[in-house]
Each structure stands twice: as C-alpha cells, then as structure tokens.
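Derivation of every value follows stated rules applied to the coordinates shown; laboratory data play no part. No experiment lies behind these values; they were computed from the predicted model shown. Quick reminder, even Gly has a Cβ in these numbers, built from the backbone with ideal geometry, and neighbours come from all protein chains shown.
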C-alpha cells in the first residue's frame, strides 16, 4: 500500500480527534449558557473542518488512482 495512504489516514484521525475535543468543549460552553464562547469556539474549528475535508478528498483521489 502507498505510504501516503497511511499518512493521510493518520492525519484524518488526528484532525477528527481534535474536532471531537472542540465539539465537546463547545457543548460544555453551551451547557453553561456561554453562547458567545461556544460560537467563538465553533468558528475557530472551521479551519480544522476544511483541513479534514481536504485530506478526505486527497485520500479519495489517492485510492482512486
């Protein structure tokens, strides 16, 4: 198997783990009624979401080649 596949999978898992942490943190803010911080935290996670989508597409392209 192409070593880039394993590298991309590891990066995807790392990003997904970070997003899971961010989502749980945001949920804590929402539970405490701190909507402003929850929104800021959600906005801060947008780059990771975009990275995840990009890495997922790279993996798909690599597997299809």
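Under Stokes-Einstein, with the Kirkwood radius over Cα pairs standing in for Rh, what whole-number D in µm²/s applies to the chain at 37 °C and 0.692 mPa s?
Details: Rh = 13.0 Å.
The diffusion coefficient I find is 253 µm²/s.
With respect to the chain, whose longest principal axis is taken over its alpha-carbon atoms, helix 3-31 is tilted by about 10°.
Between helix 35-44 and the chain there is an angle of about 20 degrees, using the helix long axis and the longest principal axis of the Cα atoms.
What does the helix-only formula give at 222 nm for the chain: each DSSP H stretch with n ≥ 4 adding -39500 (n - 2.57), the total divided by the residues, and the result rounded to the nearest 500 deg cm²/dmol?
-30500 deg cm²/dmol
Between 0 and 90 degrees, the angle of helix 46-64 with respect to the longest Cα principal axis of the chain falls at about 20 degrees. In this calculation the C-beta distance from residue 2 to residue 47 is compared with R0 = 25 Å, giving a FRET efficiency of 0.40.
Relative contact order, percent, of the chain when contacts are C-alpha pairs under 8 Å separated by at least 6 residues? Relative contact order, the chain: 47 percent.
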